[in-house]
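Down below is the structure, laid out as structure tokens.
The values are calculated or read from the model by the stated rules, or taken from the named source; none is laboratory data. Just so we're clear, the structure is a prediction, and the values are computed from it rather than from any experiment. Ideal geometry is used to build each Cβ from the backbone, glycine not excepted, and the neighbour counts take in all protein chains shown.
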Amino acid sequence: MGVFRIGFFNLFIYFCCAFLYSVPNVSGQNNMCFNCTDLMDCRASKHYLKYGHKEDTGKVVRKKPGDASDPLISKCLDDGYTIKETLKGTICSGSPDGFCHAIGEATTNFSISYSHCGNCYIECDCYNQESGNGTGREGPIILTMILAAFYTLIQ
């Protein structure tokens with residue numbers, strides 16, 4: 001009978017830990033503003049907002065009076081706005097600094113973060129802002145995006 005209790009206890013602990021691991025973000029605050037070097041000179045209106053995934057529409061909401069500021073995304077959104085849930089894709093937004101920013105689910109994977117930056121590079125029309133005539137850094141950026149996608153596929 002003692003062996004059964006130990007086995008049951010181990011299974012109980014295992015399933016509790018497995019459940020907690022399968023729910024990575026209970027509070028919905030797992031988004032971050034990516035530091036994209038390609039977007040440093042890319043202008044966007046402070047009210048600009050482009051959703052990359054259909055399910056993310058409506059997740060950017062006005063802050064309520066008691067809402068705390070989220071330092072991971074506050075520099076990327078217009079003042080007075082916050083994100084209420086974890087994002088499934090990329091949100092490209094303007095901010096008071098006048099530049100385009102990429103916001104997505106927090107990650108340390110370089111290829112995923114670069115993908116978010118690349119999405120906003122296209123959505124904010126940064127390519128045409130670089131030199132005014134459409135000739136710029138398109139070749140190296142496309143090559144880097146292809147390498148990042150390849151790196152993601154081989155993992």
Open item on the list: For segment 115-132, which positions are modelled with pLDDT of 90 or more and either under 10 Å from the mean Cα position of the chain (by Cα) or hydroxyl-bearing (Ser, Thr, Tyr) (or both)?
Closed with: SER115, HIS116, CYS117, TYR121
- [ ] Consider only pairs whose beta carbons are under 7 Å apart and that are at least six residues apart or on different chains; among these, list those whose first residue lies in segment 44-66 and is under 13 Å from ILE103 (Cα atoms) and acidic (Asp, Glu) and whose second residue is assigned to a loop (DSSP other than H, G, I, E, B) and modelled with pLDDT of 90 or more.
- [x] ASP56/LEU87; ASP56/LYS88; ASP56/GLY89
- [ ] Look at THR86 and say whether it is at pLDDT 90 or above and surrounded by fewer than 12 Cβ atoms within 10 Å (Cβ to Cβ).
- [x] no
- [ ] State yes or no: is LEU143 modelled with pLDDT under 80 and either surrounded by 21 or more Cβ atoms within 10 Å (Cβ to Cβ) or of a type outside the set (D, E, K, R) (or both)?
- [x] yes
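If you check SER93 against the conditions, is it in contact with a Leu (Cβ under 9 Å, 6 or more places away or on another chain), modelled with pLDDT of 90 or more, among the hydroxyl-bearing types (Ser, Thr, Tyr) and closer than 28 Å to THR152 by Cβ?
Details: in contact with a Leu (Cβ under 9 Å, 6 or more places away or on another chain): yes; modelled with pLDDT of 90 or more: yes; among the hydroxyl-bearing types (Ser, Thr, Tyr): yes; closer than 28 Å to THR152 by Cβ: yes.
When the stated conditions are applied, SER93 passes them.
Considering segment 78-107 alone, what residues qualify as being of a type in the set (Phe, Trp, Tyr) and touching a residue at least 60 places away in the same chain (Cβ under 8 Å)? Break it down into steps so the answer makes sense when it comes.
Narrowing segment 78-107 to residues of a type in the set (Phe, Trp, Tyr): 81, 99.
Within segment 78-107, PHE99 is the sole residue that qualifies.
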TODO: Just need a number here: residues in segment 38-47 that are modelled with pLDDT of 90 or more and within 16 Å of the chain's Cα centre (by Cα).
DONE: 1
